[in-house]
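Remarks on the structure that follows.
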Amino acid sequence: MADFGQIEAILKEIGNGTPDIHGLAVVSSEGLPIASELLGEAEMERVAAMTAAMLAVGQRSAEELNRGTFEQVFIKGELGAIIIIEIGEEAVLAAVTGTKPRLGLVFMNMRRAAGQIKSLL
């Protein structure tokens, strides 16, 4: 059984330690919200649904274009970015950032958090 308290503590730590991140969510591969930090409930539902759609497109694209197994999706918009990395087969970690994120720091902290969360799911 997942330890939601520990997952939320990990998300809080990465959110506090990475000022470029405006929101974080752990989402099941089916698009169901598992945990979040810095996101309201309504926004969490929307992020979870969009994450599932982006995950499906990312997985399909990697497969169809012979790029190997899915690892991450990065979408940059005028007002910020959305980054999705795999936690395992059952879940992903999504981050919503500002307009000029320090990507090295964001990816490093996301990968570290994903490893910690994977052991809790």
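The values are calculated or read from the model by the stated rules, or taken from the named source; none is laboratory data. Note that the structure is a prediction, hence the values are computed from the model and not measured. Neighbour counts are summed over all protein chains in view; Cβ atoms, including those assigned to glycine, are modelled from backbone coordinates with ideal geometry.
What the table below lists for this structure:
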| item | result |
| --- | --- |
| Residue within region 96-112 that is at pLDDT 90 or above, of a type in the set (Gly, Ala, Ser) and either within 15 Å of ILE7 (Cα to Cα) or under 12 Å from the mean Cα position of the chain (by Cα) (or both) present | no |
| Count of region 16-47 residues which are free of Cβ contacts under 8 Å to residues at least 40 places away in the same chain, on the phi < 0 side of the Ramachandran plot and of a type outside the set (Lys, Arg) | 14 |
| Test set (1) surrounded by 17 or more Cβ atoms within 10 Å (Cβ to Cβ); (2) under 23 Å from LEU105 (Cα atoms) - SER29 fails condition number | (2) |
| Long-range neighbours under 7 Å by Cβ, at least six apart or interchain, first residue more than 19 Å from VAL26 (Cβ to Cβ) within region 52-65, second surrounded by 12 or more Cβ atoms within 10 Å (Cβ to Cβ) | ALA62/PHE70 |
| Matching residues, region 75-113, being touching a helix residue (DSSP H, G or I) at 6+ places or on another chain (Cβ under 9 Å), within 19 Å of LEU38 (Cβ to Cβ) and exposed (fewer than 14 other Cβ atoms within 10 Å of the Cβ) | ILE75 |
| Subset of region 29-50 (residues that are at pLDDT 90 or above and of a type in the set (Val, Ile, Thr)) | ILE34 |
| Identity of the residue in region 10-49, part of a strand (DSSP E or B) and of a type in the set (Gly, Ala, Ser), that ends up nearest to ALA91 (Cα to Cα) | SER28 |
| Number of the condition not met by GLY98 [criteria: (1) free of Cβ contacts under 8 Å to residues at least 40 places away in the same chain; (2) of a type outside the set (Val, Ile, Thr); (3) farther than 17 Å from LEU121 by Cα] | (1) |
